Every structure is written in structure tokens, then in C-alpha cells.
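Engineer: I have a structure I would like to understand better, so I am pasting it below and will then ask my questions one at a time.
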Amino acid sequence: MRLLRAIAVTALAAVLAAGAKAQAVTEYRGMCDASAAVALDDRHFVVASDEDNTLRVFRRGEPVAVATVPLQRALGTDKESDLEGAARIGDAIYWISSHGRNSSGKVRADRYRLFVTAIDPASSPPVVAPPAAMHTTLLTQLLAADALAPWRLREASKLAPEAPGGLNIEGLAATPDGQLLIGFRNPLRDGKALVVALQNPRPASMGAAATFGPPIGLDLGGRGVRSIERLETDYLVVAGPVADRGDFALYRWSGAPGAAPQVVTGVTLGTLRPEALFVWPGTRRVQVLSDDGGVVAAGVACKDRPASEQSFRSIDLDL
């Protein structure tokens, strides 16, 4: 843990030295792989790990979770569903898994999940209820969508998620009109990342046939989408490598299909590997969470340590 804390301090120093907008580095405990998160109120957020099927509720700035929500029974599997994206519409939070194969290229049906959890903002801390239903055929419908044919998703779905041309979903964001934007880490087409709108998220999350908007290609400097979130009238996109190695950057995008995303200047991510971000309600303060599962201390990766020794880092950005 000393090494993890040292890395966090180093990251903070790098941010401050660069004159970036980051306010602090905070360490949260009990998990490493922060992969999707949503603010529940102005003090609490819920976060998923792509290494287990448990949601954890944290109070801002406090390292230990105040509540946990097991999902194994609701998801119908005891293996991780590789949860990668989350978005809130009203008091409903939508969650999406990677919809890709495992790292060895084997089919893992438990990774084909889209579901919604209900929250009670009046409770203290806020309560997140397990899903009552879920969609397990979203990938099949994506592969069958004529508009997505140029992205060769059928071929992509047969590859490991980080292989060139593989398939891997990692981003989810709500639109002002109640749709969801699905962001793909992989595949890229002409160096651009895929974003597609799910037009009927509530019925789809209950098992109805999904309907999609036309595909959008985002030029993220040859990177894929690691997380996407709406900030007022724009979207923030965390862009990262398709495979494990490479750098990350934060972009701002208007949401218009033909508009080019712009790098957010003055932001240095240091050693963080951001895979989740959310906006605190009523503010322009953005919390960025790092997937620290691969951080090695004393020769052991964080995700291979006991839960009591696991942690992930987070920074706040005032945008």
C-alpha cells in the first residue's frame, strides 16, 4: 500500500507542476478496478469494478465504502460480468458490460449485460436496488444493425477485446432526450472510435428489442472511448489505448455527429488509468476514477491482493 500511496502522491505532484485543473488525489479502498461510476447525490457516488459483480457506494473523500450491492443473483452468474459503463437518467442508473470475449478470446455470455438499477435519493446513504430485469441480446442486435455494418462488428466480436479490430464497450452516457450513448474502446475505423445511440434504453434494459441511431466516429487521436459523460451541453470523453499500453487524454465533444472532439487543455492525468468519470450534481466538478488493477506493489498487482489491500485513485477536475 505504501507504493500505491507513493504513486498517488507522484501523480498529484505531476498535475500540480503542470498547472492543471486537478484539485486533489483521493484513494478509495476495497477494490482496484474502478470501471464505471455515477453520482447519487452531492456527497455519494456508486462505482462498479470490472473484476466482480458488486456495486459499492462511497461518500466523497472517505476511503471506505458506506454500502455494497451484490449483483450475482440478479445477473445470474457468479463470474464477473465485466461492467464497464454507467449513466443516470432521473433516479435510474443504467449499467453496461463490455460485450466482448475474455482476454483469451473465449466467449463469455456473462459479459452480455445491460440493466438498470433504481435509486432512492431520500435514503441516507442513498440506496441502490439490484435490477429486476436485464437485456442479454444487445450484442446480437448490434451485429444485425445495417447502419453499423461498416464497423465490421461481427468480425470484431470473434476476437479478444484488446486485439486489433476486437470488440469492447466501455462508455455510457445519457443524452438530454433520454437516450444512451454507447462508447466503444474497440474497434477503431480509420483511426476513429465508435459511438452509437441506444434510442430506447428503458424498454431495452427490460429485454425489448433495442433500436439504434446512426454510428458516429470520434477522432480521439487513435484512441478508443474509456468513459463518456455529459457536462451541461457537451460531453466529456476519456480516451485511452485499445490495448493495454498507451496514453490517455480527456476530450470535450459537442455531441454533434460531425463535430470534432477537442482535447481539454490544462489537464494532466499523470500515472492514472482513467476508466470512469462523472459530474457532481449542479456543478462543473468532474470526478475521474482510475482503474488501478494493474498497479504492482511488491511484485503483486493490486487486483491480485486481498480486498482489504486493494484501492483505486481519483482526481477532481473543475471544468
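The values are calculated or read from the model by the stated rules, or taken from the named source; none is laboratory data. Remember, it's a predicted structure, so these values are computed and weren't measured experimentally. Cβ atoms come from the backbone with ideal geometry, glycine included; neighbour counts cover every protein chain shown. Quick note on the areas: whole protein, heavy atoms, side chains included, nothing else; ligands and nucleic acids left out. Shrake-Rupley method; radii C 1.70, N 1.55, O 1.52, S 1.80 Å.
Engineer: Just one of the numbered conditions (1) closer than 15 Å to THR26 by Cβ; (2) in a strand (DSSP E or B) is not true of GLU275; which one?
Structural biologist: With respect to (1) closer than 15 Å to THR26 by Cβ; (2) in a strand (DSSP E or B), GLU275 is out only on (1).
Engineer: Pairs needed: first member in region 78-89, under 17 Å from ILE182 (Cα atoms); second member anywhere, in a strand (DSSP E or B) and charged (D, E, K, R); C-beta distance under 9 Å; at least 6 residues apart or different chains.
Structural biologist: Pairs found: GLU84/GLU170; GLU84/ARG185; GLU84/ARG226; GLU84/GLU275; GLY85/GLU170; ALA87/GLU229; ALA87/ARG230.
Engineer: Every residue in region 110-128 that is over 17 Å from ALA87 (Cβ atoms), in contact (Cβ under 8 Å) with a residue 12 or more places away in the chain and not aromatic (Phe, Trp, Tyr), please.
Structural biologist: ASP110, ARG111, ASP120, PRO125, VAL127
Engineer: Considering only region 202-217, I want to know if a residue exists there that is within 25 Å of PRO281 (Cα to Cα) and either surrounded by fewer than 17 Cβ atoms within 10 Å (Cβ to Cβ) or modelled with pLDDT under 95 (or both).
Structural biologist: Yes: one or more hits.
Engineer: Just name the residue that is least open to solvent (accessible area, probe 1.4 Å) out of those in region 255-282 that are without any contact (Cβ under 8 Å) to a residue 60 or more places away in the chain and β-branched (Val, Ile, Thr).
Structural biologist: It comes out as VAL264.
Engineer: Could you list, in sequence order, all residues of region 58-89 that are in a helix (DSSP H, G or I), open to solvent by 30 Å² or more (accessible area, probe 1.4 Å) and of a type in the set (A, V, I, L, M)?
Structural biologist: Residue satisfying the conditions is ALA74 alone.
Engineer: Taking the residues in region 98-140 that are among the polar types (S, T, N, Q) and part of a loop (DSSP other than H, G, I, E, B) as candidates, determine which candidate is surrounded by the most Cβ atoms within 10 Å (Cβ to Cβ).
Structural biologist: Ranking the qualifying residues of region 98-140, first place goes to SER98.
Engineer: Does ALA239 meet the test of being more than 19 Å from VAL288 (Cα to Cα), touching a residue at least 12 places away in the same chain (Cβ under 8 Å) and hydrophobic (A, V, I, L, M, F, W, C)?
Structural biologist: Spelling it out, it is not the case that ALA239 is more than 19 Å from VAL288 (Cα to Cα), touching a residue at least 12 places away in the same chain (Cβ under 8 Å) and hydrophobic (A, V, I, L, M, F, W, C).
Engineer: Looking at region 141-160 only, could you name the residues that are closer than 19 Å to LYS106 by Cβ and not in a helix (DSSP H, G or I)?
Structural biologist: Passing the criteria: SER157, LYS158, LEU159, ALA160.
Engineer: When you scan region 1-46, how many residues do you find that are at pLDDT below 50 and hydrophobic (A, V, I, L, M, F, W, C)?
Structural biologist: Residues that pass the stated criteria total 17.
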